[in-house]
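Participant: Let me begin by handing over the structure; questions about it come next.
The values are calculated or read from the model by the stated rules, or taken from the named source; none is laboratory data. These numbers were taken from a predicted model, which means no experiment stands behind them. As a convention, Cβ positions derive from the backbone with ideal geometry for all residues, glycine included, and neighbour counts pool all protein chains shown. Ligands, DNA and RNA are stripped out before the accessible areas are found, and what is left, the full protein with its side chains, is counted by its heavy atoms. Shrake-Rupley method; radii C 1.70, N 1.55, O 1.52, S 1.80 Å.
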Amino acid sequence: MSKNETGHVKNIANANLLCTHIAELGAKYNPSNPKLLLTNLQNMYNTAFAHQETVNNSIAPYSLAVDHREKLFAPVSKKITKLRKMYKAAEGVTSAQLEDFMTIARKLKGVRKVNLDDAIDPEQKNKQISASQMSYDLRTNNYDLLVSLLQNTPGYSPNEKEYQVPTLQQEKVQMLQATQAVADSFIPLNAARTVRNNTVYNSEDNLVDTFNKAKDYMFTILDGNSLQYKTISKIKFKKA
């Protein structure tokens, strides 16, 4: 589970822990506010726990889709370098066409063209500025533009299958499919998180506020020097 989920899980786990302490108090725990009754608190905990489980079950498909997309896009930069050499070696490719290739390639790699003087300096060369073109949608679109350039260059007809236009077009299709899979798996995850967050934080009678009120009431009926009082004071409920 990702780190940003641990705070939610802790709040829900602490709700169960506080319910256990309240149950130990028995009849001594008798708030006038019905929302603080143990039965209501237990129901709130059970609901929050179920909503967190739904989030947990939605995380794996999303994470796997993200991992697959990253793996699919990882070789692109190295392949662009080889494609440039293949394109450069093609019959009749002009310097203008090669520059068109490089313009698209820089966008795919997320770097801008550097000045000749800057390129001489190795330190400066390593500080190439991000061109903010690294979103997967943009990279896929730029890959499509590159494939179109190759397709429309008469002299580009490599024998190697990995550099042939149909192969590159299929790779573009896979990129689109991978990004769509991420979007499709994010929708249920986002919906599950919204429901969970409403229960734990955002609704009028949310878990965090309600359980903090229950703690406040418990402090009025417990001896401040007692072990139970000190133990309960360490049970925290925090807004995300």
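Participant: For the chain, build the charge dipole from Cβ charges (+1 Lys, Arg; -1 Asp, Glu) around the Cα centre, then report which of Pro75, Phe101, Thr179 sits farthest towards its positive end.
Facilitator: Pro75
Participant: Gain in length, Glu204 to Ala96, computed as 0.36 nm per residue apart minus the alpha-carbon separation, to one decimal in nm?
Facilitator: 32.5 nm
Participant: To the nearest 0.05, what FRET efficiency results for Gln180 and Thr20 with a Förster distance of 41 Å applied to their C-beta separation?
Facilitator: Result of the calculation: an efficiency of 0.35.
Participant: Considering only protein heavy atoms, what is the solvent-accessible area of Ser63 at a probe of 1.4 Å, reported in Å² to the nearest 10?
Facilitator: 50
Participant: If I compute solvent accessible area with a 1.4 Å probe over the protein chains, what percent of it on region 160-217 is carbon and sulfur?
Facilitator: Carbon and sulfur atoms account for 51 percent of the accessible area of region 160-217.
Participant: Students often get this wrong: which residues of region 75-107 have the backbone nitrogen under 15 Å from the point 7 angstrom along Cα-to-C-beta of Asn159?
Facilitator: It comes to 90-91, nothing else.
Participant: Could you calculate the FRET efficiency of Phe219 with Leu138 from 1/(1 + (r/R0)^6), where r is the beta carbon distance between them and R0 is 51 Å, rounded to 0.05?
Facilitator: 0.40
Participant: What length, rounded to one decimal in nm, is gained on full extension from Lys230 through to Asp67, with 0.36 nm per residue of separation minus their alpha-carbon distance?
Facilitator: 54.2 nm
Participant: Shifting gears a bit: Hey, what's the chain come to in accessible area per residue, 1.4 Å probe, Å²?
Facilitator: That works out to 60 Å² per residue.
Participant: Still on this structure: Which value in nm describes the separation of the simple spin-label points at Gln151 and Asn43, placed 7 Å from the Cα toward the beta carbon?
Facilitator: If labels sit at Gln151 and Asn43, their model points lie 6.0 nm apart.
Participant: Also, quick follow-up: Just to be sure I understand the model, the point goes 7 Å from the Cα along the line to the Cβ. What's the resulting Lys88 to Ala74 distance in nm?
Facilitator: So the label points at Lys88 and Ala74 sit 2.7 nm apart.
Participant: Here's another thing I want to ask about it. Among the listed pairs Lys71/Lys239; Lys28/Lys236; Lys28/Lys238; Lys28/Lys239, which are separated by more than 24 Å between their Cα atoms?
Facilitator: Going by Cα-Cα distance, Lys71/Lys239; Lys28/Lys238; Lys28/Lys239 fall outside the 24 Å limit.
Participant: Additional query: Can you pull the percent of region 1-81's accessible area that's carbon plus sulfur, 1.4 Å probe, other chains left in place?
Facilitator: 57
Participant: In addition: Provide the net charge surrounding Ser226, with neighbours chosen by a C-beta distance below 14 Å and charges set as Lys +1, Arg +1, Asp -1, Glu -1.
Facilitator: +1
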